[in-house]
Amino acid sequence: MAFNVHHVVNRDSKIWHTLATWPKIELHRHLEGSVRLTTLVEVARTHQIELPTYNVEALRPYVQVTDQDAANATAFLSKFNVLRRFYRSLDVIARIAYEAVEDAALDNVRYMELRFTPHALARQNKASYQEVILTVCEAVEAAEREHAIRVGLIISVNRHESVTIAQRVLNAALEINCPKIVALDLAGKEVGHSAQPFRPLFRQAQEAGLHITVHAGEWDGPHNVREAVEVLNAERIGHGVRAIEDSEVVRLVRERKITLEVCPTSNMQSGVVPYLQNHPLPDLAYLNVRTTINTDDPSLSNITLTDELALAHVGLGMPLSTLKTCVMNAAFAAFLPDAERDQLIADFRSEMGLNDTLYRPPHI
Ligand SMILES: [Zn+2]
């Protein structure tokens, strides 16, 4: 049975409401996993997409992890096979991107880095990578104008697809030169797909001024975290929870001041961590690894960032002071120009009532 955060976290509880009022930062959220169910139904009707049902509640099991699903990668990723069918036009992509930002703002997320996979989105509606990237940039800028949130965009390429595809996507992103685009991410199937062939591409991205984050140590072991850091120069690691299995990798991550983008519910639903009490987030935080708390795919998992913070507190036993450190770690790890990151840090310290000398990330 797949993990359901709502069996652990009560949205009517006092602690949930307290965390809902916290200003928050999201560093790891996929656009493709951030689609409102009501929007799916409307898009299906407009674009004559055949669905098993046009009722939102009945549609839920096809696009969202539910109690009936197995807790493994196959069940988790199968939802994307249905979700992918919805990206029929650039207008749909624009709407989904706008609403993803709006939903984050409604959850009091003040800064978000939203990632998307141009190759997957372009394939569905036969648009060019440039068109897709530009559409997301413009939609996000429009949402920023209407809501109290700032957004950066991360371009994802998949390690199980060719370097040629990734190169074309990067070229398109660099040609567009949208200031919203802040980083390049390596995603996709970890097992059997080394990051090594992507080394020149990630070097090029870094030289062009993009930051680097890499999905690693999720579906494969700590050696992939080491590879992401040493081969691709990753500044942040998507998930990285399996670093805990190798003390040398934990030491490497600490020494290099790498930030882990941890997504607890996602790890439980995809079977990366079998039992909540085994989730390594509290231990990683205790070991002074820079940890942050994120959603990964909020609509797929039926969660908000507030739910994930509440889960860390109620389900993993992390005190509120540690959660504040996680939020501040995210501010320090934001892919923003130095002056703007400093401002974000100052704003968060002030709003959370934190002293200047407290809540520095470990080893600064
Ligand atoms: Zn992810």
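Where a number appears in this text, it was derived from the coordinates with a stated rule and is not lab data. What you see is a predicted model, and the numbers here were worked out from it, not measured in a lab. When we count neighbours, we look across all protein chains shown, and the Cβ atoms used for this are built from the backbone with ideal geometry, even at glycine.
Name the lysines eligible as straight-distance cross-link partners of Lys324: C-alpha to C-alpha under 29 Å, and not fewer than 8 places from it in the same chain. Those lysines meeting the cut-off are Lys14, Lys24, Lys180, Lys257. Summed over qualifying helices (DSSP H, 4 residues or more, each -39500 (n - 2.57)) and divided by its residue number, the chain shows a 222 nm mean residue ellipticity of -13500 deg cm²/dmol. Size of the chain from its Cα atoms: along the principal axes, largest to smallest, the extents are 55, 48, 41 Å.
Among residues other than Ile165 with Cβ under 13 Å from its Cβ, the summed charge is +2 (Lys and Arg +1, Asp and Glu -1). Here Leu284, Leu106, Leu121 are placed in order of increasing Cβ neighbour count within 10 Å, fewest first, which gives Leu106, Leu284, Leu121. Only Cα pairs under 8 Å and 6+ residues apart enter the sum, and on that basis the relative contact order of the chain stands at 20 percent.
With the simple spin-label model, which puts each label point 7 Å out from Cα in the Cβ direction, the Thr21 to Ala208 separation comes to 4.5 nm. Cβ crowding within 10 Å, taken as a proxy for footprinting-reagent exposure, orders Val56, Val65 from fewest neighbours to most as Val56, Val65. Length gained on full extension, Asn55 to Ser194: 45.9 nm, using 0.36 nm per residue less the C-alpha separation. Roughly how many Å is it from the Cα centre of region 253-311 to that of region 33-75, as a whole number? Computed from Cα coordinates, the inter-centre distance equals 25 Å.
Figure the gain on full extension for His7 and Ser247 (residue separation times 0.36 nm, minus the Cα-Cα span) and round it to one decimal in nm.
Length gained between His7 and Ser247: 83.1 nm.
Legend: ranking of residues Ile345, Ile154 from fewest to most surrounding C-beta atoms inside 10 Å; resulting order Ile345, Ile154. Structural descriptor for region 217-364: relative contact order 19 percent, calculated from alpha carbon pairs under 8 angstrom and at least 6 residues apart.
With R₀ set to 41 Å, the beta-carbon distance separating Met352 from Asn278 gives a calculated FRET efficiency near 0.90.
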